[in-house]
Every structure is written in C-alpha cells, then in structure tokens.
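This report refers to the structure that appears directly beneath it.
Quick note: the coordinates plus some simple rules give every number you see, no bench work behind them. Note that the structure is predicted; figures quoted are calculated from it, not measured. Every residue, glycine as well, gets a Cβ built from its backbone with ideal geometry; the counts of neighbours run over all protein chains shown.
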C-alpha cells in the first residue's frame, strides 16, 4: 500500500484508531502507576519523537507535556524548525538546550582538546553521536526533576530489534509508547494523528552528521526491512523461509545477525545471583505497590 507521503506494506497495516486508544491508556496508566501527572520527552524534529509528542498530548493534555529540543552545533536547522512546528501545533511547553558545550567539553573542538585530551579530537562521528545521545538523555532526566514528569521514550520496534539505538542514550526512558510499532507503522499512525506531512515524508535520520540518513548509512529501506522483521519476529519464520518469500539472502543474513547481536540492548543488566531473592530476577513487583506512593 502507498500512502500520500509514505509506503506502507500491506501486512503491516494497523487499525490506527485502536492503536491510539491503547497507547493513550498505556500512557495514562504508566503515569498513574508511577505517581506522576506530567511527561517530558526529547523532540528532535523526526517522526518518532513527533508522534510520541502527539500521542502524549492526546492522552494527558498538551499542558502536561514538556518537549525539550537538544541540538548539537552541526544539527540540521530544518530538524529544529520541524520540532518547533510540532510544539506550535500542540501548544505544549518547550525548552531549547544546546548540548554543544557538553560534547565539545569532552571531545574538544577546532584542534583544542577537551576533557578527554588529544584522543578526543580523533573521535569518529558514530562515537560522538552515541555520546550526544547520552548527553541528551542526561539533560532530559535532569529536566524531569524540575518539570515533575516521567521521561517518555521515542524509539520504535525496528530500531530496537536491529540495535539502531544507543544504550543509556535514546533507549533510556521510563516507558515507551511506540516501542511495538515498526517504522512503517509509526508513519501510518503519525499520519492518522496529524503529524505534519513534511516530517512524515522526510528521510529518517539520527542527525549524527550533516546529510546522514538511517537508510543510506545502513543500506536498507524501512518498508522492506519492516516486512522482513515482521515475518522473522512476529511470524517466527526461519531465514530459509524468508528467502523463499523473496527477501534478498544478504538482507536476511544481515537482519538475523543484527537482531541477535542487539539482544543485550533489549535486556536489563544481568545480576550475579547470590541470595534467595534477587532484585529484577525473582523479586519482581509492579512499579506501583502499596507503600510506594510518592510523598
């Protein structure tokens, strides 16, 4: 199926109205369970964070949402403009925190070393990008204190499965409303809820360096990758069956390796079990239980 500004594989179509209702109740439930009424998220100008902003505003009201824009000095001005348009349409609170000084203070800039010394000046763009993601999340958790709200995640299912996410960076959050939506489904839901077409149509990018896009960097198209992951993960098809369905053997092999290799990013850190009841292993409770109410 081809939408007005995006391609949606037929097998990935969802009922957008039902998805919105389920996600809205999920958002309200997570906040209620943790004893919060507000939420904060990082708004990049991309489709994932834009969709989450619309979903949170729909679930709890725009007046309870804080969107923080966190550009680096090389970030795309167009991305910031798109983020500002989302804020304008929602009417929510927003802040701008430029992380350039934080990142440059560590790696250095213009041949002047930072805290890391001369080694930092040679850091590769991907290494810097991961550090940026962690600095952004550090800011969000700091602002969550002053705003009094939970940090909402903005990562999608495709990214989580292939590991296209930074551990303790963009993957860190209190809860994630779109973590079970493939990128193609994110586009469908974004169109249904009113995210601007310009955001839906533009090439997804982590904005790690000027001109960088997800698909050009990794060598895949999201509609094709989403279809493959749907059959591999949701439908439990083997790699051999996927090749039989017409997927390129190279892409099948790459995706299978990527999913397996990223497993550590999808799990909490393992604990060496010594006692009879271990936190996170066999001492498990809901986030909210009697006696845990916030004072």
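Quick notes on this structure:
- Using a cutoff of 8 angstrom between alpha carbon atoms and counting only pairs six or more residues apart, the relative contact order for the chain works out to 21 percent.
- Shown here is the pair-distance distribution of segment 231-280: with all Cα-Cα distances grouped in 5 Å bins from zero up to the longest one, the shares run 5, 17, 20, 15, 10, 9, 9, 8, 5, 2, 0 percent.
- Over the chain, the reciprocal of the mean inverse Cα-Cα separation, the Kirkwood hydrodynamic radius, stands at 20.5 Å.
- Residue ranges 274-283, 176-185, 88-97 sort as 176-185, 88-97, 274-283 when ordered by packing (mean number of other C-beta atoms within 10 Å per residue, highest first).
- Normalised contact order of segment 61-152, rounded percent, pairs of Cα under 8 Å and 6 or more residues apart: 24
- Förster radius 25 Å - calculated FRET efficiency between residue 221 and residue 81 (Cβ-Cβ, nearest 0.05): 0.45
- Point-to-point label distance, residue 277-residue 95, nm (Cα→Cβ direction, 7 Å offset): 3.8
- Highest-fluctuation residue, 128, 227, 109 considered, GNM on the chain with Cα pairs under 10 Å: 109
- Estimated FRET transfer efficiency (residue 121, residue 167; beta-carbon r; R0 22 Å; 0.05): 0.35
- At R0 = 25 Å, FRET efficiency that the Cβ-Cβ distance of residue 28 and residue 180 yields, to 0.05: 0.90
- Between segment 32-107 and segment 144-195, the alpha-carbon center distance in angstrom: 12
- Mean Cα-pair separation over length for segment 115-271, i.e. relative contact order, pairs under 8 Å, 6 or more apart, %: 22
- Extension gain, residue 236 back to residue 263 (0.36 nm per residue minus Cα-Cα distance, nm): 8.1 nm
- Net length available on complete extension from residue 17 to residue 248 is 79.8 nm, with 0.36 nm assigned per residue and the Cα-Cα distance removed.
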